[in-house]
Structures are given as structure tokens and as C-alpha cells.
Amino acid sequence: MTSSPRLTTLASGGGCACKIPPGELEDAVQGLVGLKDPRVIVGLDDGDDACAIRLSGSTAIISTADFFTPMVDSPYDWGRIAAANALSDVYAMGGTPLTAINLVTWPREVLPLDILREVLRGGLDVCTEAETPVTGGHSITGPEPVYGMAATGVVDTAHLMRNDAAEAGLPLSLSKPIGVGLLNNRHKKTGEVVQSAVDTMTTLNREASAQAVAAGIRAATDVTGFGLLGHLYKMCRASGVRARVERRAVPVLAEALQALEEGFIPGGSRRNLDWVRPHVSAGPGVKDEDLLLLADAQTSGGLLLAGEIPAAPVIGELLPAEDGAPTIEVVSG
């Protein structure tokens, strides 16, 4: 009986690190605006986490999709991570998920379908935890395994959080530690499992979202494939503000620092830094390795909030825009 190959060896990338680089993606979609509809509250304009469409009165529907190649070898954990990651887009806008559907590409000649069943079981279990029914899906045959979900949620427009509503003078908070991109890359190369990385990637952003809504926070995004610096840059650009980040205040998985020292830096993280570097200044004591860490491509990362909540440490502040000043200033703290 032949054993199946490790899932991560079948993917050229892994998790959100396999995203198209942000600069290339923006060039590709530039000008593709589509139908103008007054029901669209949040659309393509500012690169938000999902779209928000007014249904009636103060009720809006949130719609999103997210999928990726495996970043872990456990099919069950991959499914859990992918589901938590997809639902995160709804939570990042202050919404409540209503339903999710599976999206699958599967190399049938390489991986048996009982492995796919474990992936789907993982996704189902996380959606059950989120009290979100899985109501269908779509699958195709392809050369690499790909899994994710399209999710639909609902939000009261009075509590909608969006990318372009950040204001100067507000603190910046982050609800999960960073570093999973480094650890996923080490896992792919060595097979070593770091449970803290799996735990944070499978944790729903539901609590942080509820606390943010209760606190009246209006601007948020989740930190995924473009890294903390990339998603913060997009928020600042959309809102017309700049930011100061204290490197030492940013929560980091302890094992990720060792992976950084050992050189397990994903290509996606390097591309993130290349894209955002022209808009970032590094203060005294901030090294290039610190910037690579802050640009690390996250999978199912935390919520980046323009405000303060109990579940998230403050990592910096938002500042008024200034001509000639970098959009993001990183200080050692």
C-alpha cells in the first residue's frame, strides 16, 4: 500500500502566502469597476475584505470568498484553517456569518478522496463552532490541492467596519500574533509542526469582532497574505492617514523569531516588503529582519483595528497625513 505525499509538497505556495503579489494584483484589476449600483456600500474601491450590499433599511449582506493551497500537512487542520480564514472577512467588517459553501480543486490521481473528506470535515467543524451552516460548494480536478470557502454574512450598517474609515488620533490594535508565515514555511521544508501556529490560525475572529463592534470601532481589516505592513498600508491609503507602529508592541509567536533567524522566510513575505517598502520608514534599532517579520504573509491572521479592545494589544497609532512623510513609520518601541 503506497502512502500519500505530504500535502505541502504538492503546493508551490502555501496558505495566504500563495496570493498574487499585491502590486501585481492591483495592476491587474485597475479600472475593472463594473456596474454602479447604489446598493453597494463597500465594493472594489479600497481593497476591503469583502463587499457589503444594502438589503433593506439598515441591514446589509456581506459576501466574500477565500481559498488557498495547503500550508500544513494535516488535511483536517488545513480545512479548519481555511474555514476560519474565510469567515474572518465577515468578522473583519463587523458582521455575522450566515452560510458558507466549499470551494475545491483536487488532484484526484495523486490524493485519494478520503483525504479530501478530512479537509471538508475540518471546514465543517469550524463552521459549526461559528454556528454557520455549510450549504454546498463546487469542486474541480486540478494539479494542486486547493480549498476554501465562499461566505455570506449580515451586518447592521450602523456597525459596519471598513478599510477607509480610520482616523488620525486612534490607537492601532492587533488581535492575533504574527509569524505564522515563517512557521508554515518551516513546516513545509522540515515537516515540523508548531501547535501554537495551528492554534492561532484555527481561532475565529468572532470575539475580537464583537468587542470591536461594542466599542464603536469603524475601521478594521484582517491581516492575511499581504502581511501586517501591507494591510496597514492599504488601510492608511484608503483612509488618508499614516501610522506609527512599535515593533516591540506587536505580538509575535515565539517560535517564529527562531524561524526568522534560521531563514525560513516565505517568498510571499519578501514580495510584500518589496511592495510596501517605499512607503515605510524604519527608526533607530529597527532592522531589515524586523520589517520582514512585519511583512510576513499571514494565514487566518488577526483583526487590525483602529481602536482599542480588551482582546488585542495596542501596537501603535494613527497620525494625520503629511506631505512627504512615509505612510508607515516603524519604531523600535
For segment 154-168, pairs from a residue that is farther than 14 Å from Asp49 by Cα to a residue that is charged (D, E, K, R) and not in a helix (DSSP H, G or I), with Cβ under 9 Å and 6 or more apart or across chains, are Thr157/Arg54; His159/Arg218; Ala166/Arg218; Glu167/Arg218; Ala168/Arg242; Ala168/Glu317
Do we find a residue being assigned to a loop (DSSP other than H, G, I, E, B) and more than 19 Å from Ala168 (Cβ to Cβ) anywhere in segment 225-239?
yes
I'd like to check something: does segment 85-99 contain any residue that is β-branched (Val, Ile, Thr) and out of contact with any Leu (no Cβ under 9 Å at 6 or more places or on another chain)?
yes
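For Gly268, are the conditions met, namely being on the phi > 0 side of the Ramachandran plot and in contact (Cβ under 8 Å) with a residue 40 or more places away in the chain? Talk me through it step by step, then tell me what you get.
Working: on the phi > 0 side of the Ramachandran plot: no; in contact (Cβ under 8 Å) with a residue 40 or more places away in the chain: yes.
Spelling it out, it is not the case that Gly268 is on the phi > 0 side of the Ramachandran plot and in contact (Cβ under 8 Å) with a residue 40 or more places away in the chain.
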In the set Thr152, Thr202, Thr190, which member is at negative phi, hydroxyl-bearing (Ser, Thr, Tyr) and out of contact with any helix residue (DSSP H, G or I) (no Cβ under 9 Å at 6 or more places or on another chain)?
Thr190
Considering segment 60-106 alone, what residues qualify as being in a strand (DSSP E or B), among the polar types (S, T, N, Q) and more than 20 Å from Asp164 (Cα to Cα)?
Thr96, Thr99, Asn102, Thr105
Tabulated pairs, segment 44-67, first farther than 22 Å from Asn85 by Cα, second among the aliphatic types (A, V, I, L, M) and at pLDDT 90 or above, C-beta under 7 angstrom, 6+ apart or interchain
Arg54/Ala60; Leu55/Ile61; Ser58/Ala158; Thr59/Val154
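May I ask you to list the residues in segment 242-264 that are of a type in the set (A, V, I, L, M, F, W, C) and under 13 Å from Gly316 (Cα atoms)? Even if it seems obvious, please write down each step before you answer.
Restricting attention to segment 242-264, the residues satisfying the condition of being of a type in the set (A, V, I, L, M, F, W, C) are 243, 245, 249-250, 252-254, 256-257, 259-260, 264.
Scanning segment 242-264 gives Ala243, Val245, Ala249, Val250.
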Going residue by residue through segment 166-186, is there one that turns out to be among the hydroxyl-bearing types (Ser, Thr, Tyr), modelled with pLDDT of 95 or more and not in a helix (DSSP H, G or I)?
yes
Determine whether segment 249-261 contains at least one residue that is closer than 21 Å to Val72 by Cβ, in the same structural domain as Ala220 (by TED's automatic domain parsing) and in contact with a strand residue (DSSP E or B) (Cβ under 6 Å, 6 or more places away or on another chain).
yes
Can you tell which of Arg270, Arg244, Arg277 is part of a strand (DSSP E or B) and surrounded by fewer than 20 Cβ atoms within 10 Å (Cβ to Cβ)?
Arg244
Would you pick out the residues in segment 257-267 that are within 17 Å of the chain's Cα centre (by Cα) and crowded, with 20+ Cβ neighbours inside 10 Å?
Pro266
Return yes when Ile315 is part of a loop (DSSP other than H, G, I, E, B), touching a residue at least 24 places away in the same chain (Cβ under 8 Å) and either buried (at least 16 other Cβ atoms within 10 Å of the Cβ) or among the hydrophobic types (A, V, I, L, M, F, W, C) (or both) and no when it is not.
no
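The values are calculated or read from the model by the stated rules, or taken from the named source; none is laboratory data. None of these values were measured; they are calculated from a predicted model. Here Cβ is always computed from backbone atoms with ideal geometry, including for glycine, and neighbour counts include all displayed protein chains.
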